[in-house]
Amino acid sequence: MDVNTVRLILASSSKYRQQQLANLGINTDAIAPGIDETASAGEKPDALAARLASEKAATVADAHPSAIVIGADQVAVVNDGDTTHVLGKPGTHENAVRQLKLCVGKAVEFYSAVSVCHKDSDKQVTRVEITTVTFLELTDKEIQQYLLAETPYDCAGSFKSEGRGVLLFDRIASRDPNALIGLPLMLLRDLLSELDVSLLDIACSAG
């Protein structure tokens, strides 16, 4: 596809994902898909992330069939030995404290899914990037100090890896550290290439 005519739409209201693309010099339209994000019974985290990313992209693409629509979703899970906990957006300080206390000294798996959909050519591809974050043995004081400084209450897992949150980690295992912010850019590049679209061309042309 001609990078000068291709239109990208981000099927998301996430300011963080929009900023990730803006950092590449790409300003996209962003449309919230308004889908039900409830997990199905017994649905695994990777399958949930992939399904939601796919549904977001397809829903917006139905109304914009000539555009390439990007859907993304992220599911984070931590196991405390007895129970596997899904870490959503905490919303409040108290919930964020509980989430970070669950993560202390443990490995947290982040399943970041991307789906790209182009209705006019009847193409859609979806994949999941997995990132493992191992947290330090944080004290209650450090947790409080971090949350009061960054207020990451709209972030799954209660941290911002692009900010002070990276100081909470012992290690990160991932092909693409951008995945933690919500949109794995290298995976997006790969998926767009399957639709004969070069993300590098778009980014360089935009700049």
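The values are calculated or read from the model by the stated rules, or taken from the named source; none is laboratory data. Please read all numbers here as calculations on a predicted model, not as lab measurements. Cβ sites come from the backbone with ideal geometry, for glycine too, and all protein chains shown count toward neighbours.
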Taking SER115 as the residue in question, decide whether it is within 30 Å of ASP62 (Cα to Cα), modelled with pLDDT of 95 or more, under 16 Å from the mean Cα position of the chain (by Cα) and of a type in the set (Gly, Ala, Ser).
yes
Flagged pairs (Cβ under 8 angstrom, 6 or more apart or on separate chains; first in the range 147-167, outside any loop (DSSP other than H, G, I, E, B); second modelled with pLDDT of 90 or more and of a type in the set (S, T, N, Q)) are LEU147/SER158
Out of the residues in the range 71-96 meeting the condition of being outside any strand (DSSP E or B) and touching a helix residue (DSSP H, G or I) at 6+ places or on another chain (Cβ under 8 Å), tell me which one is surrounded by the fewest Cβ atoms within 10 Å (Cβ to Cβ).
ASP80
Please go through the range 155-202 and pick out each residue that is of a type in the set (Gly, Ala, Ser) and more than 28 Å from ASN95 (Cβ to Cβ).
SER193, SER198
What are the residues in the range 129-160 that are of a type in the set (S, T, N, Q) and closer than 25 Å to SER54 by Cα, if any?
THR131, THR132, SER158
The range 91-111 residues that are touching a residue at least 12 places away in the same chain (Cβ under 8 Å) and among the hydrophobic types (A, V, I, L, M, F, W, C), paired with ones that are surrounded by 14 or more Cβ atoms within 10 Å (Cβ to Cβ) and assigned to a loop (DSSP other than H, G, I, E, B) (beta carbon under 6 Å, 6 or more apart)
ALA96/PRO90; ALA96/TYR153; ALA96/SER158; LEU100/SER158; VAL104/LEU138
Search the range 25-40 for residues being in a loop (DSSP other than H, G, I, E, B) and acidic (Asp, Glu), and hand back the single one that is nearest to GLN74 (Cα to Cα).
GLU37
Selection from the range 112-123 of residues of a type outside the set (Lys, Arg), in contact (Cβ under 8 Å) with a residue 60 or more places away in the chain and surrounded by fewer than 19 Cβ atoms within 10 Å (Cβ to Cβ) yields SER121
Residue in the range 177-207 that is surrounded by the fewest Cβ atoms within 10 Å (Cβ to Cβ), counting only those that are part of a loop (DSSP other than H, G, I, E, B) and in contact with a strand residue (DSSP E or B) (Cβ under 6 Å, 6 or more places away or on another chain)
GLU194
Matching entry among GLU129, GLU137 (being part of a strand (DSSP E or B) and either in contact (Cβ under 8 Å) with a residue 24 or more places away in the chain or surrounded by fewer than 17 Cβ atoms within 10 Å (Cβ to Cβ) (or both))
GLU129
Just to verify a result, which residue in the range 38-70, among those that are β-branched (Val, Ile, Thr) and surrounded by fewer than 20 Cβ atoms within 10 Å (Cβ to Cβ), is nearest to LEU8 (Cα to Cα)?
THR59
